[in-house]
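Structure first, then comments.
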Amino acid sequence: MNFRGVFSLRTASFACAVAVLVSQTACMIPVIDPSELTEDERKRDQARARRDLGIDYLSKGQNAIALRELVFAVKANPDDPATQLWLGEGYRRQGHDDLALAAMTEAVRLEPTYQVAHNNLSAFYIQLEDYENAVKHAQVLIDDPLYGQPWKAFSNRGYAQMKLGRIAEARESLETATEFRNDFWPASLNLGLLERDAGNKLKAVKHFQRVIKHPVGHGPRAEASFHIAQILVSIGHREKAIKYFTASAQNDPDGRWADQSRDYLKILR
């Protein structure tokens, strides 16, 4: 399966991490004497600190230790939606899908308008191949005029619709994503796959070329180059296909597309 869900990893409450303000005084935090806090307030403060530490570990890819911090935080403060969300992400990364889904769903129950939670649930449902629920959570964000990254929601919805066989709807969703951000490579890549499978080979090549054109990682470039090369082989352009298979292998030498490209090159040369 080509997994195309788009997750978000955003720190929940580090001071000034969410928005950068012009005012130099915007990040000033009042100092509170710990002795003035109640026992419950101290527990919540400790839970928030452990939660933020866990999120920081997640951002660095230290998933096992992140999960320990987030489990502690959720036990101390189970009603915090951010803790539930990132606990779910920790479980997801460790392969505990049922626990991940339960925690992420709890985050949305606690805060129904939690945008990052809906985004990550949409992407996670794509990973689980539950495309109807993926569409449902993407739609919540599409209907939210305050959501600042609608291209992610349209892209997730479009991929899920494509997997459900709703091709016209998928095309519209993915094209809308690229209208918001023409450099958003997941939508362009998925449009390429959609048009390729629909038999629109030249349209597919144009979408794949957009992925290569924009500054994306080596993996997406390698995949887009591979798909272009396959199309070129199918229409008899052997030399051009060799060029793109070679580019695919060079872009990500240790990736899955490099192995497949090298197999094609052995046949074509």
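The values are calculated or read from the model by the stated rules, or taken from the named source; none is laboratory data. Since this is a predicted model, take the numbers as computed values, not measurements. Here the Cβ positions follow ideal geometry from the backbone for every residue, glycine too, while neighbour counts run over all protein chains shown.
A few remarks follow.
- Of all the numbered requirements in (1) part of a helix (DSSP H, G or I); (2) within 27 Å of GLN139 (Cβ to Cβ); (3) at pLDDT below 65, SER35 misses one, and that requirement is (2).
- Filtered residues of the stretch 131-182 (kept if acidic (Asp, Glu) and part of a helix (DSSP H, G or I)): GLU132, GLU169, GLU172, GLU175, GLU179
- In the set (1) of a type outside the set (D, E, K, R); (2) surrounded by 24 or more Cβ atoms within 10 Å (Cβ to Cβ); (3) at pLDDT below 95, LEU85 fails one condition alone, (3).
- Conditions (1) basic (Lys, Arg); (2) loosely packed, with under 15 Cβ neighbours inside 10 Å; (3) within 26 Å of LYS203 (Cα to Cα): number failed by LYS152: (2)
- Filter result (touching an Asp or Glu at 6+ places or on another chain (Cβ under 7 Å) and surrounded by 22 or more Cβ atoms within 10 Å (Cβ to Cβ)) within the stretch 192-213: ALA204, HIS207
- Among residues of the stretch 124-140 that are under 11 Å from GLN161 (Cβ atoms) and among the charged types (D, E, K, R), those with a beta-carbon under 9 Å from a residue that is modelled with pLDDT of 95 or more and in a helix (DSSP H, G or I) at least six positions away or on a different chain give the pairs GLU132/TYR125; GLU132/ALA160.
- Tally of residues being in contact (Cβ under 8 Å) with a residue 12 or more places away in the chain, closer than 17 Å to GLY192 by Cβ and surrounded by fewer than 21 Cβ atoms within 10 Å (Cβ to Cβ) across the stretch 232-251: 5
- Selected residue (criterion: farthest from the chain's Cα centre (by Cα)) from residues of the stretch 99-129 that are hydroxyl-bearing (Ser, Thr, Tyr) and either over 18 Å from ASP80 (Cβ atoms) or surrounded by 23 or more Cβ atoms within 10 Å (Cβ to Cβ) (or both): TYR125
- Count of the stretch 59-95 residues which are outside any helix (DSSP H, G or I) and more than 23 Å from GLU41 (Cα to Cα): 5
- Residues being β-branched (Val, Ile, Thr) and either farther than 30 Å from LYS136 by Cα or exposed (fewer than 15 other Cβ atoms within 10 Å of the Cβ) (or both) are entirely absent from the stretch 174-182.
- For the stretch 248-257, residues that are within 23 Å of the chain's Cα centre (by Cα), part of a helix (DSSP H, G or I) and not aromatic (Phe, Trp, Tyr) total 3.
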